[in-house]
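Report on the following structure.
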Amino acid sequence: MKAVSRFLVIALFMTISFAAANSVFAAAEKIGYMDFAKVFDEYNKTKDFDKQLEAKGTAKQGERDKLVTEIKKLKDEADLASDRDRAKKQAVVDDKIKKLGEFDRDSREALRKERDDMARAIFKEIKEVVDDIGKKEGYKYIIDSRMVLYGNASDDLTDRVLKILNDKYMVKGKK
């Protein structure tokens, strides 16, 4: 009976010790989160790249509009041409339409590639800032806020990361 009591006391002591150690360990774990989409969208470099891509898209649309106008003009000429010339002019129209399709495809692909390259570079910059904060401040994890069901506002790193990125970008822009 004495052995059983001693065993229960030791088991209770070990359970309390493990629970206390676990809570101390959990308290030592530092976890932060950030809204990755907000950082990406509100980063000034992203905004500047978006403006550049929009300008390039507008320029491509202008080129496309010229091609379409040329095709319409050739089509009108083909409609008014004699039967003998109509086939030749229609062949030219068909060739121009084919070139327009290629232009559309190539333009979309070039703009998509440029956007993807830009996004990759910005993702890398964001990751570097997050890694730096995590290492310097002893975070075990920094996760995206979409995965957080609840978190203290003090653990939200979104505004800090965004400020660091925009400050660095502003300094680089002045050089």
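At a glance:
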{"quantity": "Residues ASP104 and LYS75, FRET efficiency given R0 of 22 Å [Cβ-Cβ distance, rounded to 0.05]", "calculated": "0.80"}
{"quantity": "Footprinting exposure proxy for ARG115, ARG108 (fewest neighbouring C-beta atoms within 10 Å first)", "calculated": "ARG108, ARG115"}
{"quantity": "For THR158, THR69, order by how many other beta-carbon atoms lie within 10 Å, fewest first", "calculated": "THR69, THR158"}
{"quantity": "Ranked list, fewest to most other Cβ atoms within 10 Å of each Cβ, for VAL148, VAL93, VAL161", "calculated": "VAL148, VAL93, VAL161"}
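FYI, it's all coordinate maths here, none of it is from the lab. Bear in mind that the values here come from a model prediction, so they are computed numbers and not experimental data. So basically every Cβ, Gly included, is an ideal-geometry build from the backbone, and we count neighbours across all protein chains shown.
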